[in-house]
Amino acid sequence: MAAVVLVGCTGDSDDGFRPGSVDLADPYAPGSGNGGYDVEHYRLKVRYDPAEDRLTGVAVVTATATQNLSRFNLDLTGLQADKVTVDGDPAEHRQDDGELIVTPSRKLKNLGRFTVEVGYAGVPQAVTDGVLGGSGFHHTDDGAIALGQPHSAATWFPVNDHPSDKATYDIEVTVPQGLAALSNGVPGERTTADGWTTWRWAERSPMASYLTTLVIGDYRLNVATHDGKPMVTAVPAAVPATGPQARTLSRTGEIADFLAGLFGPYPFESYGGVAVADPRIGYALETQSRPVYGPGFFRSGQPNYTVVVHEVAHQWFGNSVALNRWSDIWLNEGFASYAEWLWTEHDGGPSAQRTFEQQYEWTNWSQPALDPGLDQMFSTAVYRRGPVVVHALRRTVGDEVFFQILRTWTSERRDRTATTQDFIALAERISGRQLGSFFDAWLSGTTPPPLP
């Protein structure tokens, strides 16, 4: 599990204990993430009443201090914490600008394990990040959708909201009887009492916080088994049972198997996907083990398999192997977009080489794929130039070495975080070639590199 880097701490004390940093100083997600500790596990118990648009919750966060801590922060936006304990003892707490600031009654020693319990409530809110669009918790006509990148989790539970701190999850959601409450991981026991149903989910593989999701509403579920693992897909009950959403999601297992043949074994203990109808969700997101697809992808009335390919490919590239910093987002999107090229060729469309030649001609070489800047992190500089870089590497090292690089990457880095430099080092080790100048030119150069 990735340790959280300590940056920008203030308030050093003579006894060696000091506050954890307020954020991780990531310019792509300002204010998100906190230093001084590493989360191991979140246990969430949430109750949501759509009629009142009110959420109440208890979050139990198990973590390890990565320094001597006098206090620490969790990210929590729009909801109010009313009770906080640390290792069972009441802790002082206050909230300021999306931060829950916790001062335990006893200081926390470096490498010591501790447990924080937070009781909280309120009317959850969406946030506008100016990049992907609306993120966070959206109240809908029949429930809610919690989703977004680079941040959204802090709008429904207290969290260390940065992908460098992955953790496992137990998620328990109680909603009015008759509504579904869908989240990440393996489904657990579902119980109903007094007009309320509690849904349980467990994600045992470490997950970045932005990959969590919560979808509540009137959904038609399809629960099955694929390759010995649960497969849960869902579409709004208001759309046809044989419509493009259901037809598209029905091929999730087939698509995952195709990608596993290229990238190595599927990295999680469950499969699935959720199609939503709310037009505010203008994107699809690779929420771990259960991607969410906005309605725009089915506007044509026809199935859309490439978006499933993209989001399922992220289960390897971006989810299992997560980013340590957002500036390396091409490692997520470049490989997921390249997976679309491979599927299209497999499904009888243009070859990956032909697509590469077209995209090479259309690439704006003035915009880098590596560290594209906050305003460009979801731009063609990442989604088009990224896969061009991937195919250029394939052409440079050859198919056998290329796919060995990919499978080794997903194996050696499974459940961890990584950087572009980590990928370059691996590619050089397996290929036996110096590739620094190659990646410089293809990722960040301002003129078209020669075709390999």
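Summary table
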| quantity | calculated |
| --- | --- |
| Point-to-point label distance, LYS83-THR191, nm (Cα→Cβ direction, 7 Å offset) | 1.9 nm |
| For region 61-202, the fraction of alpha-carbon pairs in successive 5 Å shells from zero, as % | 2, 9, 15, 19, 20, 16, 11, 6, 2, 0 |
| Calculated over region 194-245: convex hull of Cα atoms, volume per residue (Å³) | 153 Å³ |
| Stretch gain in nm, segment ALA238-VAL60, where the contour uses 0.36 nm per residue and the Cα spacing is subtracted | 60.5 nm |
| Inter-probe distance in nm under a simple model that places probes 7 Å from Cα toward Cβ, at GLU92 and THR396 | 5.5 nm |
| Base-10 log of normalised Debye intensity for region 173-217 (one unit scatterer per alpha-carbon) at q = 0.15, 0.17, 0.34 Å⁻¹ | -0.39, -0.49, -1.24 |
| Helical contribution to [θ] at 222 nm, DSSP H n ≥ 4, -39,500 (n - 2.57), averaged over the chain, rounded to 500 | -6500 deg cm²/dmol |
| Normalised contact order of the chain, rounded percent, pairs of Cα under 8 Å and 6 or more residues apart | 11 percent |
| Cα gyration tensor shape for region 167-297, rounded if a/c is under 1.5, else prolate or oblate | oblate |
| Rg/Rh for region 29-79, where both radii come from Cα atoms and Rh is the Kirkwood radius | 1.06 |
| In Å², nearest 10: area of TYR305 left accessible to a 1.4 Å probe | 50 Å² |
| Angstrom value of the Kirkwood radius, inverse mean 1/r, which spans all Cα pairs in region 241-330 | 13.6 Å |
| With eigenvalues of the C-alpha gyration tensor scaled by 5 and rooted, region 124-225, Å | 23, 17, 11 |
| Rounded accessible area of ASP53 (nearest 10 Å², 1.4 Å probe) | 30 Å² |
| Inter-label distance, nm, simple model (7 Å from Cα along the C-beta direction), PHE403/ARG299 | 3.7 nm |
| Rg to Rh quotient for region 354-452, alpha carbon positions, Kirkwood Rh | 0.96 |
| Sorted largest first, extent of the chain alpha carbons per principal axis (Å) | 63, 59, 38 |
| Region 320-403: C-alpha gyration tensor shape, a/c 1.5 cut-off, then a/b vs b/c | prolate |
| Solvent-accessible area per residue for the chain (1.4 angstrom probe, square angstrom) | 38 Å² |
| Accessible-area value, LEU24, 1.4 Å probe, nucleic acids and ligands omitted, Å² | 30 Å² |
| For region 242-396: rounded, prolate or oblate by the Cα gyration tensor [a/c cutoff 1.5] | rounded |
| Alpha-carbon Debye profile of region 62-131, log10 I(q)/I(0) at 0.27 Å⁻¹ | -1.23 |
| Whole-percent carbon and sulfur share, accessible surface of the chain, 1.4 Å | 46 percent |
| Spread of Cα-to-Cα distances over 5 Å intervals beginning at zero, given as percent, for region 235-275 | 5, 22, 25, 18, 14, 10, 5, 1 |
| Karplus 3J(HN,Hα) series, Hz, for region 179-190 with 6.51 cos²θ - 1.76 cosθ + 1.60 (x for Gly, Pro) | 9, 8, 9, 9, 8, 8, x, 7, x, x, 5, 10 |
| Normalised contact order of region 297-423, rounded percent, pairs of Cα under 8 Å and 6 or more residues apart | 33 percent |
| Which of HIS138, HIS346 is most accessible, then next, and so on - probe 1.4 Å | HIS346, HIS138 |
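The values are calculated or read from the model by the stated rules, or taken from the named source; none is laboratory data. Note that the structure is predicted; figures quoted are calculated from it, not measured. Glycine also receives a Cβ, built like all others from the backbone with ideal geometry; neighbour counts cover every protein chain displayed. Keep in mind that these areas ignore ligands, DNA and RNA; they rest on the heavy atoms of the full protein, side chains included. Shrake-Rupley method; radii C 1.70, N 1.55, O 1.52, S 1.80 Å.
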